[in-house]
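**Student:** If you scroll down you'll find the structure; I have some questions about it.
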Amino acid sequence: MAKKILHILNISAAAFLTFLLIACNNTKGSGSGDILVSIGNSTLTRGELQKQLPAGLSTEDSTSLARTYIRSWIDSHLISEIAAENIGDLTEINRMTEQYRNELITYEYRRRMYDDRVKNNIPEDSVRDYYDKNLSELVLQRPVVKGIYMKIPDESSSLKNARKWYCSTKMEDIDRLEKECLDGAIHYDYFRDRWVDFEKIESLIPADFGSDANAFLATHKSLEISQGGFTYLLSISEFIPSGKTMPYDFAKETIKDILAYHRRAEYDRQLRLNLLREAENSGKITINCKLE
């Protein structure tokens with residue numbers, strides 16, 4: 001059997017090598033029934049190959065990707081065919097395949113039912129109620145901050161004015177900063193109106209903040225550092241150290257995720273229960289044992 005498989009493979013692969021450039025370079029108008037490779041009862045057609053090739057590829061890239069996909073397909077199916085011949089009894093594998101298929105179908109059905117019938121938006125009063133009742137669990141693992149961050153090329157004419165205004169508490173100065181300095185900035189983030197994980201800010205600035213971020217923030221309200229042709233400006237207007245309770249606005253998204261998870265679990269439980277009742281009432285299922 002293995003020799004027969006290899007013989008068919010060699011004939012098909014030889015034909016494919018001649019056909020491949022045409023198949024990859026002229027994907028429009030080609031029929032989906034043209035067989036490129038066959039191994040035992042498995043075939044790969046030109047149409048199936050075309051579905052794997054992204055649009056807009058160059059001739060060289062298209063040909064290279066097609067050959068890579070074909071080799072992968074051959075390896076997978078050739079080993080599968082030979083393995084099936086040598087294993088012989090595939091009863092257990094077929095059982096596991098069917099079980100996995102059923103799990104995929106079930107998961108997709110439950111997901112679609114939830115998306116179609118349950119709104120994803122969580123009421124604000126539910127979020128607030130969860131926050132008030134679970135303050136002890138909503139503890140900051142890292143400090144959070146409010147402020148302004150900028151990255152400006154050293155040669156930018158905007159740098160001088162940015163230095164004057166980025167720490168100002170006057171809104172007119174911030175307006176000037178945004179009107180006159182943003183064109184020369186590589187990155188600008190105004191977050192005085194929201195809490196941000198300080199670790200995200202740290203990742204943007206090539207500076208040594210030490211091992212204790214809380215200690216740094218307690219002693220630094222601003223930072224200016226120049227490196228690699230850029231100047232980094234950071235102004236901290238507020239901060240809450242790690243170990244403290246999360247501010248409500250910062251905790252909201254975390255709480256929404258928690259509530260959405262519980263809502264999904266409850267909907268899923270109710271869905272399964274309803275389907276079981278419907279199946280029992282219609283006679284689609286007969287249960288001769290206790291489930292509880």
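**Student:** Which whole-number percent gives the relative contact order of segment 113-201, counting Cα pairs below 8 Å spaced six or more residues apart?
**Tutor:** 38 percent
**Student:** So, one more: Just to be sure I understand the curve: with the Debye formula and one point per C-alpha of the chain, what is log10 I(q)/I(0) at q = 0.15, 0.17 Å⁻¹?
**Tutor:** Cα-only, vacuum Debye calculation for the chain: -1.06, -1.24.
**Student:** Full-extension gain between D173 and S80, please, as 0.36 nm times their residue separation minus the C-alpha to C-alpha distance.
**Tutor:** Additional length available on full extension: 26.6 nm.
**Student:** Another question about this same structure. Work out the FRET efficiency for D129 and L57 from their Cβ-Cβ distance, taking R0 = 41 Å, and round it to the nearest 0.05.
**Tutor:** 0.20
**Student:** Suppose only helical runs count, i.e. DSSP H with n ≥ 4. What mean residue ellipticity at 222 nm does that imply for the chain under -39500 (n - 2.57) per run, divided by all residues and rounded to the nearest 500 deg cm²/dmol?
**Tutor:** Estimated from H runs of four or more residues: -18000 deg cm²/dmol.
**Student:** So, one more: Can you tell me the relative contact order of the chain? Whole percent, Cα pairs under 8 Å, sequence separation 6 or more. Present the calculation step by step, with values, prior to reporting the outcome.
**Tutor:** Details: 286 pairs, mean separation 50.5, N = 292.
Here the relative contact order equals 17 percent.
**Student:** Across segment 172-283, how large is the tail of the calculated P(r) beyond 21 Å, expressed as a percent of all Cα pairs?
**Tutor:** Values: 3676 of 6216 pairs.
It works out to 59 percent of all Cα pairs.
**Student:** Over 32 Å between C-alpha atoms is what I'm after, so list which of K146/K256; K179/K221; K51/K256; K133/K290; K170/K200; K221/K252 land there. Each step should come with its number before you reach the end.
**Tutor:** Numbers: K146/K256 22 Å; K179/K221 24 Å; K51/K256 38 Å; K133/K290 38 Å; K170/K200 26 Å; K221/K252 26 Å.
From the list (K146/K256; K179/K221; K51/K256; K133/K290; K170/K200; K221/K252), the Cα-Cα distance tops 32 Å for K51/K256; K133/K290.
**Student:** Of the candidates E81, E180, E266, which one comes out as most mobile in a Gaussian network treatment of the chain with C-alpha springs shorter than 10 Å?
**Tutor:** E81
**Student:** Beta carbons within 10 angstrom, averaged per residue: use that to sort the peptides 107-117, 147-157, highest first.
**Tutor:** Result, highest mean Cβ count within 10 Å first: 147-157, 107-117.
**Student:** Enumerate the helices in the chain for which the Kyte-Doolittle hydropathy averages 0.0 or more and the C-alpha atoms extend at least 27 Å along the helix's axis, using complete DSSP H runs.
**Tutor:** Span-like helices in the chain: 2-25.
**Student:** Spin-label point model (7 Å from Cα, Cβ direction): what's the L273 to E224 distance in nm?
**Tutor:** The two pseudo-label positions are separated by 6.5 nm.
Every number here is computed from the coordinates shown, using simple stated rules; none is lab data. Everything numeric here is computed off the predicted structure, so don't read it as measured data. A quick note on method: Cβ atoms are made from the backbone with ideal geometry, for glycine too, and the neighbour counts reach across all protein chains shown.
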